[in-house]
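This report refers to the structure that appears directly beneath it.
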Amino acid sequence: MRWTNVTIGQKGTRKNRLSIVTLLLSVLVGMMLALPFRVIQEERLKPLPSESRQELLNRMSKINEENNQLRLELAQTRDRANTLEEALLERDEVSEELAESRTMYRILAGLDPVQGPGIRLTLNENESEPPPGSPVRNYIIHQQDLLNIVNEMWLAGAEAIGVSSSGRTERLIVDSSIRCVGSLIDVNNTAMTPPFDIFAIGNPENLYNSLTMHGGVLEGLEFFDISYEISSLENIQLPAYGGSTLLEYARPLEEE
């Protein structure tokens, strides 16, 4: 996200100063008016003949290391931006209602860590061989499986969602992506492999009932020996979204 330092003079009306804060909130609101997250069409890609699965994993590991360094730099920039924004709010003596709205929109946009009650859904593949004559691809977790589950969670009232694998949790926002990359699943440009933990903050009972209803998103997975376990948790902690939220084209609609 690109930020510009703003120096506020002592002159000017409170209304003009508040307009700057309102603009910041408008940008965050605009980010939330799109779909829950961008769906990238699934491609069941096979590894290149010259690369083994281990070679692909090694290459993805190197890319992940580079991404982690960029995420660290981005987090430091965001911290500085947050400090400037908070100083702006304090100086303008904004109302408590406006300050609460700012916090809410930052949470909805995934810009701040969040915590609350919800559920954890653990998905895993059966390591045994599939039945003779059955395609192996039917018995592994694909991007569409995760997409269907996440969409169902949003519809059930989830207020924040994260996908975790091998100790790394990715927060899902409007700019997130879930896609197959060879034999791996890429979430926010982070390579992940089963088992997957999908965390959703919201009403635990509503989330559980939505996922387990007859004919729902999990029923079909059982047929292909994909196991799942749902746990209700009193307090889930999800990190802020670690990727870029720079807007190049979308702007707040100007009133005529």
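The values are calculated or read from the model by the stated rules, or taken from the named source; none is laboratory data. This one's a predicted model, so the numbers in the text were calculated from it and none came from an experiment. Glycine gets a Cβ as well: all are built from the backbone with ideal geometry, and neighbour counts include every protein chain shown.
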*Can you tell me which residue in region 166-180 is farthest from Ser210 (Cα to Cα), limited to those that are part of a loop (DSSP other than H, G, I, E, B) and in contact (Cβ under 8 Å) with a residue 60 or more places away in the chain?*
Asp175
*If we keep just the residues of region 121-165 that are in contact with a helix residue (DSSP H, G or I) (Cβ under 6 Å, 6 or more places away or on another chain) and assigned to a loop (DSSP other than H, G, I, E, B), which is modelled with the lowest pLDDT?*
Pro130
*Of the numbered conditions (1) at pLDDT below 95; (2) in contact with a strand residue (DSSP E or B) (Cβ under 9 Å, 6 or more places away or on another chain), Asn235 satisfies every one except a single condition; which is it?*
(1)
*State which residue pairs qualify: first residue in contact (Cβ under 8 Å) with a residue 40 or more places away in the chain and under 15 Å from Val150 (Cβ atoms) and inside region 198-210, second residue charged (D, E, K, R) and outside any loop (DSSP other than H, G, I, E, B) in any location, beta carbons under 6 Å apart, and separation of 6 or more residues or different chains.*
Phe199/Arg120; Ser210/Glu152
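Rundown of residues vs (1) surrounded by 21 or more Cβ atoms within 10 Å (Cβ to Cβ); (2) at pLDDT below 90; (3) in contact with a Phe, Trp or Tyr (Cβ under 7 Å, 6 or more places away or on another chain), yes/no style:
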{"site": "Leu172", "(1), (2), (3)": "yes, no, yes"}
{"site": "Asn188", "(1), (2), (3)": "yes, no, no"}
{"site": "Ala200", "(1), (2), (3)": "yes, no, no"}
{"site": "Pro204", "(1), (2), (3)": "no, no, no"}
{"site": "Glu222", "(1), (2), (3)": "no, yes, no"}
*asked:* Give me the strands (runs of 3 or more DSSP E) completely within region 182-256, filtered to those with at least 3 residues that are among the polar types (S, T, N, Q), ordered by residue number.
replied: 227-238
